[in-house]
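The values are calculated or read from the model by the stated rules, or taken from the named source; none is laboratory data. The structure displayed is predicted, hence computed values, not measured ones. Cβ placement follows ideal geometry from the backbone for every residue including glycine, while neighbour counts extend to all protein chains displayed. To get the accessible areas, we keep the full protein, side chains included, count just its heavy atoms, and leave off ligands, DNA and RNA. Shrake-Rupley method; radii C 1.70, N 1.55, O 1.52, S 1.80 Å.
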Amino acid sequence: MSAPPTSAETVQHTLLLAWERLHAHGAQARALGLLQAVWPQPDPDDWRRASVGERDGGLFQLQAALFGPRLQTQAACPFCGERLESQFDIEDLCPLPVRPPSFAQPLEFVDRGWHIRYRLPSSEDLQALPEAASGDAETDARAAVAALLQRCVLHAERGGRRVDGAQLPANVAQRLGERMAQDDPVADLRLDMVCPACARHWPCALDIGAYLWGELDDWAQDLLVQVGALARHYGWSERDILALTPLRRRFYLDLVQA
């Protein structure tokens, strides 16, 4: 994967434009938009078609490059309500550097007479899932799994009889889902949390796209506050202020606030 832009001014400009353009979009569009803005591929749809794990690996690398190699998370214990603050090193969750989208050949799953060819789910697949409509979480989850298998199972048969991906028996679909998770481990990361108050363990999902967007949103708003303060005081343009190094910008802000 190519390196991110090295000029501080170029990075700031690229990120601010991406933040402004993606601000009103949903989580999937934000994740893909940030990757395409910072690490554009020859085909703009490459990140959309990459596996979810490949996409999230790119987001982890972007997080490390922009905001450092450590994540700080907060969670509430589901058993006693205790608030936990934890830190995780990105390289413990996702080896860096990551590879660009590879579009690997279809994979095979052979299990108890079943022969299944499949590909790993992508952002495009997630965006195509039906919206929850039944009001029952379990029913909606089954519908989402069926829709995902409909798209990702390329061929399934048992005893010479072909079966549609959405019609796989529940136990087969579960085992296939477990295999997909093994094939793309970064796609659904679960942090092992331990509550210091009640000593209970539970897995906590980590959404790197949402985490990165939160960091970027805080950075962009703070930067624009700095621009506003310096522009009011000195009459400088936004372009001139962003061209300053962070250290010099902070020095001028200290003078304004003195």
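When R119, R142 are checked against the criterion of being in contact with a Cys (Cβ under 6 Å, 6 or more places away or on another chain) and closer than 30 Å to H25 by Cβ, R119 stands alone in meeting it. Restricting the first member to the range 219-235 and to residues that are under 15 Å from F251 (Cα atoms), and the second to residues that are outside any helix (DSSP H, G or I) and among the small types (G, A, S), the beta-carbon pairs closer than 9 Å and six or more apart or on different chains are A231/S237. With respect to (1) surrounded by 12 or more Cβ atoms within 10 Å (Cβ to Cβ); (2) among the aliphatic types (A, V, I, L, M); (3) more than 19 Å from the chain's Cα centre (by Cα), the lone exception for V225 is condition (1). Would you check which residues across the range 38-50 are crowded, with 17+ Cβ neighbours inside 10 Å and either within 21 Å of L17 (Cβ to Cβ) or modelled with pLDDT of 95 or more (or both) and list them? Within the range 38-50, V38, W39, Q41, D46, W47, R48 qualify.
When P246, P185, P203 are checked against the criterion of being of a type outside the set (A, V, I, L, M), open to solvent by 60 Å² or more (accessible area, probe 1.4 Å), touching a residue at least 40 places away in the same chain (Cβ under 8 Å) and farther than 22 Å from E20 by Cα, P185 stands alone in meeting it. Where helices (runs of 4 or more DSSP H) sit wholly within the range 26-78, those with at least 2 residues that are under 22 Å from P203 (Cα atoms) occupy 52-67.
Checked against the criterion of being farther than 23 Å from R119 by Cβ and among the hydrophobic types (A, V, I, L, M, F, W, C), the candidates A75, A50 yield just one match: A75.
Each residue in the range 79-113 was checked for being of a type in the set (A, V, I, L, M, F, W, C) and not in a strand (DSSP E or B), and 9 pass. Criterion applied to A231, A199 was being at negative phi and of a type in the set (A, V, I, L, M, F, W, C), and the one residue passing it is A231. Considering (1) of a type outside the set (K, R); (2) more than 23 Å from the chain's Cα centre (by Cα); (3) under 25 Å from A29 (Cα atoms), the lone condition that W114 does not fulfil carries the number (3). C198 falls short on exactly one of the conditions (1) surrounded by 13 or more Cβ atoms within 10 Å (Cβ to Cβ); (2) farther than 30 Å from H23 by Cα; (3) modelled with pLDDT of 95 or more, and that condition is (1). What's the total number of residues in the range 114-136 that are open to solvent by 60 Å² or more (accessible area, probe 1.4 Å), in contact (Cβ under 8 Å) with a residue 24 or more places away in the chain and not in a helix (DSSP H, G or I)? Qualifying residue count, the range 114-136: 3.
Restricting attention to the range 64-113, the residues that are in contact (Cβ under 8 Å) with a residue 60 or more places away in the chain and open to solvent by less than 40 Å² (accessible area, probe 1.4 Å) add up to 12.
Among the residues of the range 7-36, those that are surrounded by 17 or more Cβ atoms within 10 Å (Cβ to Cβ) and among the hydrophobic types (A, V, I, L, M, F, W, C) comprise L15, L16, A18, W19, L22, A31, L32, L34, L35. Number of residues in the range 169-182 that are open to solvent by less than 30 Å² (accessible area, probe 1.4 Å) and farther than 10 Å from W114 by Cα equals 3.
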